[in-house]
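The values are calculated or read from the model by the stated rules, or taken from the named source; none is laboratory data. Please read these numbers as outputs of a predicted model, since none were measured by experiment. Quick reminder, even Gly has a Cβ in these numbers, built from the backbone with ideal geometry, and neighbours come from all protein chains shown.
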Amino acid sequence: MRRLPAPDAAAGEMVTPRDFLGHPRGLAFLFATEMWERFSYYGMRTLLVLYMVKYLFVSDHVETVIGYRALKHTLELVFGPLGPQPLASQVYGLYTGLVYFTPLLGGLLADRVLGQRRTVILGASLMALGHFMMAFERLLFLALLVLIFGSGAFKPNTTTQVGGLYPPGDARRDRGYSIYYVGINLGAFLAPLVCGTLGEGIGWHFGFAAAGVGMLIGLVVYLLATPFLPPDEITKPGARSGAPLTSEERGAIWAILLLSIPVALFWATYEQQGNTIALWAEDNTDRFIRLFGFAVEIPTTWFQAFNPFMIFAFTPLLITLWARQGRRGREPSTLTKMALGCFGLAAGNLILAVSAVTAGAEKASWLWLFVYFIVITIGELYLSPTSLSLVSKIAPARAASLMMAVWLGTSFGGNLLAGFLGSYWSAMAKPAFFLMITAIAALAGIIIALFRRPLRGLLKE
């Protein structure tokens, strides 16, 4: 006979004999699934701008890409003439933005038709196909389109399932999301080292194909996870109820929508990592490590591994810090953490502005980038996993995937704005560009700080 979970009254947690490291076993599978999905996403993203700027958009092959002329003409109608770098930045912004817009469709599909599990399987299959299509130059834009819809089906539903592993009031939920976030960044750490090295060292298409292999592994892991996943929300009693939302549910939705505005600004500045920061590392950074008369050059794509490595290095430290603050009654509220995250991102870009001024006409030391990644990583940890946990707690259960998709959609506007901002990279002095990004990140933090009191009554976590 299966034993029922027993409550831990002291900690407010539910413990079962089949728990994995103190958490439901399904978390381990979702951790691994998301790790491989992020490996595939960041592996491709690491190469995308460099592939377009350094190879495809400056070669005769670009005319053979299906849809190239139509897309370039459309973008130039809006933004004026676009050279290879501004065009690549706009394509990057469109892709990364739409990846976070289509979760709205994936959330609706899961909540109303397929349920979370089948929608995740559909999304993972589409993404694997899209990554393999990237290995063929002619299919670049078609591949990006397939990846966009695949990610839309996949992303909101795995994230929602993490929250579904825990009963209401289980104190492990926040920690569970922090562990899950480490999985995201473990994949993002490995991706530049594997896909980036293959793409730069052997050929772009080998790097893209490696991303496809990673997504296939993620799909297999998810299929093995089926016995340990929470039931789909669509199968629960009352899930299809047409009853109007309660005042508390409407308040939670309004809180999520209002907070999405400054968070979109956060992502607009954060997502420069795969765009202008990659170009700064390539063209304006002295990437040599010099020791004892030897010099070793750091590959450009390896800088994309700094942030995810620091995520899983710093997460235990921050969790310990917050636990200690909590015992003393001094742990910051979720909104305070989010505001601090924005200010951390502003500080990181201010560091790069200083490095650009200091370097002048010379290349800046790679150590400036190293410090930049330390600061923005701490900022990210204060905002991203804490906000995912918040949404999972306050969103109405019958619209769980949709509201998670709305929250992920903050990256849609953020990435579109990131691509637009990145198009100024070639035209602006580098210190001025980094100061512009600093100001936008700081503005996001100020807005969240101003929201704390008006939203206090709505955020009943």
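Observations on the structure shown:
- Residue check, Leu416 in a helix (DSSP H, G or I), in contact with a helix residue (DSSP H, G or I) (Cβ under 7 Å, 6 or more places away or on another chain) and either among the aliphatic types (A, V, I, L, M) or touching a residue at least 40 places away in the same chain (Cβ under 8 Å) (or both): yes
Table: residues versus (1) of a type in the set (A, V, I, L, M); (2) crowded, with 20+ Cβ neighbours inside 10 Å; (3) over 21 Å from Ala305 (Cα atoms); (4) more than 20 Å from the chain's Cα centre (by Cα).
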{"site": "Gln325", "(1), (2), (3), (4)": "no, no, yes, yes"}
{"site": "Pro332", "(1), (2), (3), (4)": "no, no, yes, yes"}
{"site": "Leu352", "(1), (2), (3), (4)": "yes, yes, no, yes"}
{"site": "Ala359", "(1), (2), (3), (4)": "yes, no, yes, yes"}
{"site": "Ala364", "(1), (2), (3), (4)": "yes, yes, no, yes"}
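- Test: Lys72 is closer than 24 Å to Leu417 by Cβ and among the basic types (Lys, Arg): yes
- Of everything in region 47-78 that is part of a helix (DSSP H, G or I) and polar (S, T, N, Q), the residue that is farthest from Gly203 (Cα to Cα) is Thr74.
- Selection over region 270-310 of residues that are in a helix (DSSP H, G or I), modelled with pLDDT of 85 or more and of a type in the set (Val, Ile, Thr) gives a count of 2.
- Taking first residues from region 135-154 that are more than 19 Å from Gly207 (Cα to Cα) and partners that are buried (at least 22 other Cβ atoms within 10 Å of the Cβ) and of a type in the set (D, E, K, R), the Cβ contacts under 7 Å between residues at least 6 apart in sequence or on separate chains come to Phe154/Glu37.
- Some residue of region 268-286 being touching a Cys at 6+ places or on another chain (Cβ under 6 Å), on the phi < 0 side of the Ramachandran plot and not β-branched (Val, Ile, Thr): no
- The condition of being touching a Pro at 6+ places or on another chain (Cβ under 8 Å), touching a residue at least 40 places away in the same chain (Cβ under 8 Å) and of a type outside the set (Ser, Thr, Tyr) holds for only one of Gly187, Gly199, Gly212, that being Gly187.
- Selection from region 210-226 of residues that are buried (at least 20 other Cβ atoms within 10 Å of the Cβ) and either at pLDDT below 90 or not in a helix (DSSP H, G or I) (or both): Ala225
- Leu142 vs. criteria crowded, with 22+ Cβ neighbours inside 10 Å and either modelled with pLDDT of 85 or more or over 25 Å from Lys54 (Cβ atoms) (or both): no
- Within region 387-411, residues that are modelled with pLDDT of 75 or more and assigned to a helix (DSSP H, G or I) sit with their Cβ atoms under 6 Å from residues that are buried (at least 23 other Cβ atoms within 10 Å of the Cβ) and of a type in the set (D, E, K, R), at 6+ positions apart or across chains, in these pairs: Leu402/Asp111; Leu408/Lys155.
A quick yes/no check of all residues on (1) out of contact with any helix residue (DSSP H, G or I) (no Cβ under 7 Å at 6 or more places or on another chain); (2) among the small types (Gly, Ala, Ser):
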{"site": "Val354", "(1), (2)": "yes, no"}
{"site": "Gly360", "(1), (2)": "yes, yes"}
{"site": "Lys363", "(1), (2)": "yes, no"}
{"site": "Leu369", "(1), (2)": "no, no"}
{"site": "Ile374", "(1), (2)": "no, no"}
{"site": "Leu402", "(1), (2)": "no, no"}
{"site": "Leu421", "(1), (2)": "no, no"}
{"site": "Phe434", "(1), (2)": "no, no"}
{"site": "Arg453", "(1), (2)": "yes, no"}
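- Residue match in region 364-381 (condition: in a helix (DSSP H, G or I), closer than 30 Å to Phe288 by Cβ and without any contact (Cβ under 8 Å) to a residue 12 or more places away in the chain): yes
- Residue in region 322-339 that is closer than 22 Å to Ala353 by Cα, in a helix (DSSP H, G or I) and not small (Gly, Ala, Ser) present: no
- Residue within region 191-201 that is aliphatic (A, V, I, L, M) and under 15 Å from the mean Cα position of the chain (by Cα) present: yes
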